[in-house]
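Notes follow once the structure below has been shown.
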Amino acid sequence: MADIVQQRLEDRIPALEQLERVGLFTNKEVKSMLKRSTALEYKLHRTVQSKDDFITYIQYEINVLELIKKRRARIGYHFKREEIEYPIIHRINHVFRRATTKWQGTKTQLSKVLSSMLAIHPDKPALWIMAAKCEMEDRNSSESARHLFLRALRFHPENKKIYQEYFRMELMHAEKLRKQQQELEQAKIDGEYNFSPEILSGKLAEVVYRDAAQKIKGAEFILSLLQIAAIFDFTKELQDTILQELQSQYVDDCMMWDFMSKRELDAAGAPELQSAKGKASDTDRREERCCVVYEEALKSLNTEAMWTCYVTFCLERYKRKTNVNELKEKRKERLLRVLQSAHDAKLLQESFYKNWATFYLLKKQLQVLLSSGDTVSATQIAITATQCFSQSVEMWSFSLQTLVQLESTEAGHLFQEALKHESLPLWQLQADWCMTSQRPEDTETFFQKGLLSLVPAVSSAMKEKYLEWSYKTGGYKRARKTFTSLHEHRPFTKAFFMKMIEIEKEQETPKMSNLRDYYERALREFGCSDEDLWMDYIKEELGRHGNPENCGKLHWRAVKTLEGENVERFTTQYTLLQTGHV
């Protein structure tokens, strides 16, 4: 026993040393942990073992994990998890498996445990459901399961999940009795084995349904019960009852109409239709019947939610694969017609505008020579979408991309409106558009405006784009002039300085004095947190145009300037560089 304990304690030492080395625990604390671990290990290897010893051991390790988590957060250290936390987690799992193997519980004990848990936590619906399932499936006691569900409903009288599982349990109970009766009849066993016809037909489940429908309103919940009932082949009468009440009580609920519409897809088709075209024709008729129900619903329920159900249905059908072009075209025409109708009613959901415009763009790509006016329609849709959803940056971005792709003359005006949002993606989108499509003087004006933005992310991003554009249009001299005019104009990004360094190095004879100036300016902004920047500077000095003697000074400055774990990472990289591994 002593050898086993000693081996387990030795296995702990590397993790404990790491805890002390990285500063999460003091030497005194590590010694205390080792002493406590020794006592716990010996208890687990006694001749007479106790469950409490295993539980205490596991709880201690969990407490250690929690303490490590708090210490990490306090000092901001997030490394070496594999060496520190993983061994502890492995020990917890190992001890837990030993305990469960040694004290395997019986079904009766499990039931008692669940009862004890419910006495302490009656406010947790999931526990009630778990206990009821245990009684029904493991102990084969529908009466006990029913009793637990009824008790659960006293604590949670309007919990949907409890009602759904209670309803399912009663149907499972009825199905089980029906199978028993069938087996007895087939075996022709004499005796009294008649079961109540009401129970066999699912009347107890209907009682649960009626109680649930009275307390919980909404077509979505009633539909969930209907779907559960549909799983069982003896519930046609119950399904009809639920369906009738659903139609009569929820005429103002779009979920009911959506369900009733889609039911038309399941209507029996003509059995003689064997060809692909015949089946496609039958599918088209069913989809049209669905649309008739949707149109009927909109007469009394003209809401965005109802239109959303309708458009979603048409979109889903359009996306379904088919080899019959006639069916695909009909689905496309139907979708576009419904989109237009929802738009005219001013009840089209934001996301659908993208689908709508995409159709026109797709036609433009496939029919380049066609000038039937589709691009005009797409342009109008894009502009209308931004008017309907003027606060949506995503919609502005999509519409602007559409107009740019169509090379529309409306793009410029729409960009001016979009920039009022001061959103970085919209500024970047216009920057790319200006750099490729606009006159140099207009592009210059745009960048000057961007540099004055009060949003730091926009201002700093525009500096990068401005420098890039200056180099492309005016070469090195213009790029350096732009950099000089901006190098004191905060805020900056690291990419701004790295771009200028890249430009300098692309020259036939790059000046090291200029490179040092760019690196020094970058370090002034990001030297405390970016060890890679220091390493790049050092590599530059080791290069053809640099001075290797400056590397030692840069190393000393980096160690003094960098903060937290950045110092450790820098030291590691610098050592690898010195030894030729980088």
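The values are calculated or read from the model by the stated rules, or taken from the named source; none is laboratory data. In this text the structure is predicted, and so the values were computed from the model without any measurement. Using ideal geometry, Cβ is built from the backbone for each residue, glycine included, and neighbour counts are taken over all protein chains shown. Keep in mind that these areas ignore ligands, DNA and RNA; they rest on the heavy atoms of the full protein, side chains included. Shrake-Rupley method; radii C 1.70, N 1.55, O 1.52, S 1.80 Å.
Picking from Met435, Met395, which residue would you name as being in the same structural domain as Lys463 (by the TED database), open to solvent by less than 70 Å² (accessible area, probe 1.4 Å) and not hydroxyl-bearing (Ser, Thr, Tyr)?
After ruling out the rest, the residue left standing is Met435.
Would you tally the residues in segment 449-460 being more than 17 Å from Ser485 (Cβ to Cβ) and in contact with a helix residue (DSSP H, G or I) (Cβ under 8 Å, 6 or more places away or on another chain)?
The total comes to 3.
Could you tell me which residue of segment 435-479 is nearest to Glu504 (Cα to Cα), considering only residues that are of a type in the set (A, V, I, L, M) and touching a Leu at 6+ places or on another chain (Cβ under 9 Å)?
Filtering first and then ranking leaves Ala479.
How many residues are touching a residue at least 24 places away in the same chain (Cβ under 8 Å) and surrounded by 16 or more Cβ atoms within 10 Å (Cβ to Cβ) when one looks only at segment 16-41?
8
Considering Glu185, Glu143, Glu165, Glu170, which residue is assigned to a helix (DSSP H, G or I), more than 33 Å from the chain's Cα centre (by Cα) and surrounded by 12 or more Cβ atoms within 10 Å (Cβ to Cβ)?
Glu170
Taking Phe54 as meeting all but one of (1) open to solvent by 30 Å² or more (accessible area, probe 1.4 Å); (2) in contact with a helix residue (DSSP H, G or I) (Cβ under 8 Å, 6 or more places away or on another chain), write down the number of the exception.
Answer for Phe54: the failing condition is (1).
It is to be established whether one or more residues within segment 216-224 are of a type in the set (S, T, N, Q), modelled with pLDDT of 90 or more, open to solvent by less than 70 Å² (accessible area, probe 1.4 Å) and in a helix (DSSP H, G or I).
Yes, some residue in segment 216-224 is of a type in the set (S, T, N, Q), modelled with pLDDT of 90 or more, open to solvent by less than 70 Å² (accessible area, probe 1.4 Å) and in a helix (DSSP H, G or I).
Can you tell me which of Leu426, Leu467, Leu454, Leu419 is open to solvent by less than 30 Å² (accessible area, probe 1.4 Å) and either under 26 Å from Leu339 (Cβ atoms) or in a loop (DSSP other than H, G, I, E, B) (or both)?
Leu426
Taking the condition of being of a type in the set (A, V, I, L, M) and within 18 Å of Leu486 (Cβ to Cβ), how many residues in segment 516-536 meet it?
2
Check segment 76-85 and report whether any residue there is out of contact with any Ser or Thr (no Cβ under 6 Å at 6 or more places or on another chain), open to solvent by 40 Å² or more (accessible area, probe 1.4 Å), touching a residue at least 40 places away in the same chain (Cβ under 8 Å) and among the aromatic types (Phe, Trp, Tyr).
Checking segment 76-85: at least one residue is out of contact with any Ser or Thr (no Cβ under 6 Å at 6 or more places or on another chain), open to solvent by 40 Å² or more (accessible area, probe 1.4 Å), touching a residue at least 40 places away in the same chain (Cβ under 8 Å) and among the aromatic types (Phe, Trp, Tyr).
Residues that are in contact (Cβ under 8 Å) with a residue 40 or more places away in the chain, among the aliphatic types (A, V, I, L, M), open to solvent by 20 Å² or more (accessible area, probe 1.4 Å) and closer than 26 Å to Gln164 by Cα: does segment 241-252 have at least one?
yes
Yes/no matrix, rows are residues, columns are (1) touching an Asp or Glu at 6+ places or on another chain (Cβ under 8 Å); (2) open to solvent by 20 Å² or more (accessible area, probe 1.4 Å); (3) in a helix (DSSP H, G or I); (4) under 30 Å from Lys560 (Cβ atoms):
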residue	(1), (2), (3), (4)
Gly475	no, yes, yes, no
His489	no, yes, no, yes
Ala495	yes, yes, yes, yes
Thr509	no, yes, no, no
Tyr518	yes, no, yes, yes
Ala522	no, no, yes, yes
Leu533	no, no, yes, yes
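Please work out which one of (1) under 24 Å from Asp3 (Cβ atoms); (2) open to solvent by less than 30 Å² (accessible area, probe 1.4 Å) is the condition Tyr60 fails and give its number.
(2)
Could you list, in sequence order, the residues of segment 497-507 that are open to solvent by 60 Å² or more (accessible area, probe 1.4 Å) and assigned to a helix (DSSP H, G or I)?
Residues satisfying the conditions are Glu502, Lys505.
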